[in-house]
Amino acid sequence: MKIILVDDDRMALDGISRMLHWEQFNGQLVGCATNGEEAVALLEAHHPDVVISDIRMPGMDGLELARYLYEHCPNTRMILISGHGEFEYAQRALQYQVTDYILKPITRAKLNSLEERLAAISAELSADVPPWYACDEALRTQVSQALRKGDMAAMGELLISQDVFRSLADRRDVLGIQLLNYLFLYQEELGKDRDSLDAMRQKAMVEYWKLTTQQERLAYLATQYYDLMEYAQSCKGEYANPIVSYCLQAIQENYTDSNFNISNLADTLNLSLSYLSTVFKNATNQNISSYLSAKRLERARELLRDPSISIKDVCASSGYDHPRYFAKFFKKHTGMTPSEYRNLYAGQPCAAPGGEEAP
């Protein structure tokens, strides 16, 4: 069981690390930090099972660290060290599922109790648990695909699975937190304001943890997901066509500019690139990046038929910065270098899509 200690008092860190009987709870100290920021770096590097942290620290304190764990590392337990005057403050950590405290001053008796608690956590971690307890990128992909496609059947099949239902009954309930986080990540992908989403996510987490039964938690998750999917579906007709129309016009007006790219276009629309690509493909059955590249390639082919225009100018006038990249891209898509294409087709009208000669 991997453990991180966090305290701005280095002597306290050293004292706790030396006085704990690590073998009693199969513990391994993987790092010590003097503030929350250092702890976050250790979290990302070691993915610990338990964080033991003082509550009062400069910068990112123990409560803020508890919130970070709650939102980003739901399968990591946290134990807070608090003083007598800080206990009311520490009570706020209950909303982040911090239920274990060590009250200062730390005595040998309190360390014995801590070791018993750590042994219990170690036993829980070694027990058989549903596969969803490991933060799973495949699960995130599965959920994201269902959301983007508006596939309620796939989402429903996931929610009613036995693995999910078993997980929702557990006190740790890592899966429920994962699913709520994925829900708000998707809304961020839709372009919604991040600060507003953070507030909404926090409210949803608090509401979710007040629920005590599997049925209540499952119903809450299902309602959250289905409401969002219905909302996204209703917005498709309202927003997709104007977005696509804007994109088509912007590409037509700017594709010869080498500084113009799809990322800038998404920023202009205040949308994520992945969402813009999805909307465009759903409406046109084409990838937006491929559409832009095809426009530039068509322009290059047209200009190459005029021998008076240098290949370097063809490159610049077709929206490409670097002649070498242009030549490589052109050959990949036509089977010829720009010079070979010019020698073969100079003076001929450019072929329209489908192979017919353009008028």
* Residues located in the stretch 18-55, provided they are within 21 Å of the chain's Cα centre (by Cα) and either surrounded by fewer than 17 Cβ atoms within 10 Å (Cβ to Cβ) or assigned to a loop (DSSP other than H, G, I, E, B) (or both) -> GLU37, ALA41, GLU44, ALA45, HIS46, HIS47, PRO48
* Only one of SER263, SER277, SER308 that is within 24 Å of the chain's Cα centre (by Cα) and more than 30 Å from LEU159 (Cβ to Cβ) -> SER263
* Asked: Restricted to the stretch 215-273, and to residues that are among the small types (Gly, Ala, Ser) and modelled with pLDDT of 85 or more, which residue is surrounded by the most Cβ atoms within 10 Å (Cβ to Cβ)?
  -> ALA266
* Could you please tell me which pairs satisfy a Cβ distance under 7 Å, a separation of 6+ or placement on different chains, a first residue in the stretch 36-59 that is closer than 15 Å to LEU80 by Cβ and assigned by TED's automatic domain parsing to the domain that holds TYR96, and a second residue that is buried (at least 24 other Cβ atoms within 10 Å of the Cβ) and of a type in the set (Ser, Thr, Tyr)? => ALA39/SER53
* Cβ pairs under 9 Å, 6+ apart, first in the stretch 307-327 and in contact (Cβ under 8 Å) with a residue 24 or more places away in the chain, second of a type in the set (A, V, I, L, M, F, W, C) and assigned to a loop (DSSP other than H, G, I, E, B) -> PRO307/ALA346; SER317/ILE309; GLY319/PHE260
* If you take the residues of the stretch 278-306 that are without any contact (Cβ under 8 Å) to a residue 12 or more places away in the chain and in a helix (DSSP H, G or I), which of them is surrounded by the fewest Cβ atoms within 10 Å (Cβ to Cβ)? -> SER290
* Taking the condition closer than 25 Å to ALA266 by Cβ and either at pLDDT 90 or above or not assigned by TED's automatic domain parsing to the domain that holds LEU265 (or both), does SER310 pass? -> no
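Out of all the residues in the stretch 314-333, is one or more charged (D, E, K, R) and within 22 Å of GLU253 (Cα to Cα)? Outline the logic, then answer.
Of all residues in the stretch 314-333, those charged (D, E, K, R) come to 321, 324, 328, 331-332.
Among the residues that remain, those that are also within 22 Å of GLU253 (Cα to Cα) are: 321.
Yes, the conditions are met somewhere in the stretch 314-333.
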* Collect the residues in the stretch 307-330 that are in contact with a helix residue (DSSP H, G or I) (Cβ under 6 Å, 6 or more places away or on another chain) and in a loop (DSSP other than H, G, I, E, B), keeping them in residue-number order. => ILE309, SER318, GLY319, TYR320
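The values are calculated or read from the model by the stated rules, or taken from the named source; none is laboratory data. If you're wondering where the values come from, they're calculated on a predicted model, not measured in any experiment. No Cβ is skipped: glycine too gets one built from the backbone with ideal geometry, and neighbour counts run over all protein chains shown.
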